[in-house]
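Read the structure below first, then the notes.
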Amino acid sequence: MPRSAFTRQSLIREIQQRVHELSPSALAEFEKTSGHTSYMVVGDEYDVTMLGPWNGRVRVAKVADDSFTLITLDGHPEAGHITFTVEDHVNQPDAFVVSIESWARSRDKTVQVAYDTMSVGRQVQAEVWVTFLQRVAELTGCADAPKVDIDSEDLTT
């Protein structure tokens, strides 16, 4: 994504402040339920309302100059964490690489069947994060659709 007027630090702060706007509300809506309204700090919590029976709560576990991490709380359909990172692009000095890395497992067998066997949860989750990254690209003034790579690993087998 082009740098435009952003630094790594200012772009990650913008993402933190706009996580609710960048996420497609029809699929996953973030509502901050505790913490400061203007910025993100460790301990802030969000209710996440997702398409289907996937609602849950997350807590900010880490905030750094170029990243932040959310962890799932009891009742969330997954158990794990997700990290958002902004890095300098290695080959394009005028661009960033924005990453969303999730490490999670289904909270129970029912969620696992819906997520893995029927692929419903996996498809919704992929669409949420692709749309999120497209909106981040728009925020930076990127005219082209960002390149999005999705890699999944099943560590249960």
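None of the figures in this text is laboratory data; all of them are computed from the coordinates on show. This structure is a prediction, so every number in the text was calculated from the model and none was measured. Cβ coordinates were reconstructed from backbone atoms using ideal geometry, including for glycine residues, and neighbour counts include every protein chain displayed.
Note down the net charge around Thr85, summing +1 for each Lys or Arg and -1 for each Asp or Glu among other residues with Cβ under 10 Å from its Cβ. Computed value for this residue: -2. In terms of the Cα gyration tensor, with a ≥ b ≥ c the square roots of its eigenvalues, is the stretch 1-73 rounded because a/c is under 1.5, prolate because a/b exceeds b/c, or oblate? It is oblate, given that a/c is not under 1.5 and a/b is not larger than b/c.
Of all lysines in the structure, the ones whose alpha carbon falls short of 19 Å from that of Lys62, not counting any fewer than 8 places away in one chain, are Lys32.
On alpha carbon coordinates alone, what is the Rg over Rh value for the stretch 55-100, Rh being the Kirkwood radius? Result: Rg/Rh = 1.15. With Cα atoms defining each centre, the stretch 7-62 and the stretch 64-99 are spaced 12 Å apart in the structure.
Within the shell defined by Cβ-Cβ distances under 10 Å, the residues around Gly35 carry a net charge of 0, with Lys and Arg each +1 and Asp and Glu each -1.
Among Asp66, Asp144, a tally of other beta-carbon atoms within 10 Å of each Cβ gives an order, fewest to most, of Asp144, Asp66.
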